[in-house]
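The values are calculated or read from the model by the stated rules, or taken from the named source; none is laboratory data. Nothing here was measured: the structure is a model prediction, and the numbers come from that model. Every residue, glycine as well, gets a Cβ built from its backbone with ideal geometry; the counts of neighbours run over all protein chains shown. Just so you know, the surface numbers come from the protein's heavy atoms only, side chains and all, with ligands and any DNA or RNA stripped out. Shrake-Rupley method; radii C 1.70, N 1.55, O 1.52, S 1.80 Å.
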Amino acid sequence: MNPEYSPKVVGFLCRWCSYTGADLAGAMRLQYPPNIRIIMVPCTGRIDILHLLQAFEVGADAVFVSGCHEGDCHYVSGNLYARKRVERLKEILKEVGLEPERVEMFHVSASEGPQFAAIAREMTERAYRLGPNPMHREARAAWLAQRPAAVSAA
């Protein structure tokens, strides 16, 4: 991991399950990267593709949505709508030349604090691997210049 590059990861978490799971991870004092920024939403079904794109626009290097397990949504099917929107956003990112791996959907219940911590680590590692958001050209160019020639040629 590059000490000069600290990725920004934004997580949209449903109030009823995933946010409570993140809270449990904190209460259990589980270690996960401090660069996760959490946005609590009433239900992941309320998240629009534009919200996710705006997170990238303002500097996020990776974005994830985390909601109730399928079949357990407090609003019946909100998490199913969110999953479809995340999949559609992956297609959009691919079309515009960004890595679709920068966005992901997860399911975490209120009792799965360790699962949330693992997701936070996974998304941060993914952001380190992918590098700065290409929409922010100066940061991306600096990151690419610091990489070894063998890695940048791959």
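Brief remarks follow.
This table checks each residue for (1) of a type in the set (A, V, I, L, M, F, W, C); (2) within 15 Å of S66 (Cβ to Cβ); (3) touching a Leu at 6+ places or on another chain (Cβ under 7 Å).
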| residue | (1), (2), (3) |
| --- | --- |
| K8 | no, no, no |
| P34 | no, no, no |
| I38 | yes, yes, yes |
| G45 | no, yes, no |
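- Residue list for region 77-123, filter: of a type in the set (S, T, N, Q) and assigned to a helix (DSSP H, G or I): N79, Q115
- Each residue in region 68-92 was checked for being within 14 Å of the chain's Cα centre (by Cα) and within 30 Å of Q31 (Cβ to Cβ), and 5 pass.
- Filter result for M123 (in contact with a Ser or Thr (Cβ under 8 Å, 6 or more places away or on another chain), under 21 Å from K90 (Cβ atoms) and open to solvent by less than 50 Å² (accessible area, probe 1.4 Å)): no
- Total residues in region 39-75, condition outside any helix (DSSP H, G or I) and open to solvent by less than 30 Å² (accessible area, probe 1.4 Å): 14
- Residue within region 3-11 that is without any contact (Cβ under 8 Å) to a residue 40 or more places away in the chain and closer than 18 Å to R121 by Cβ present: yes
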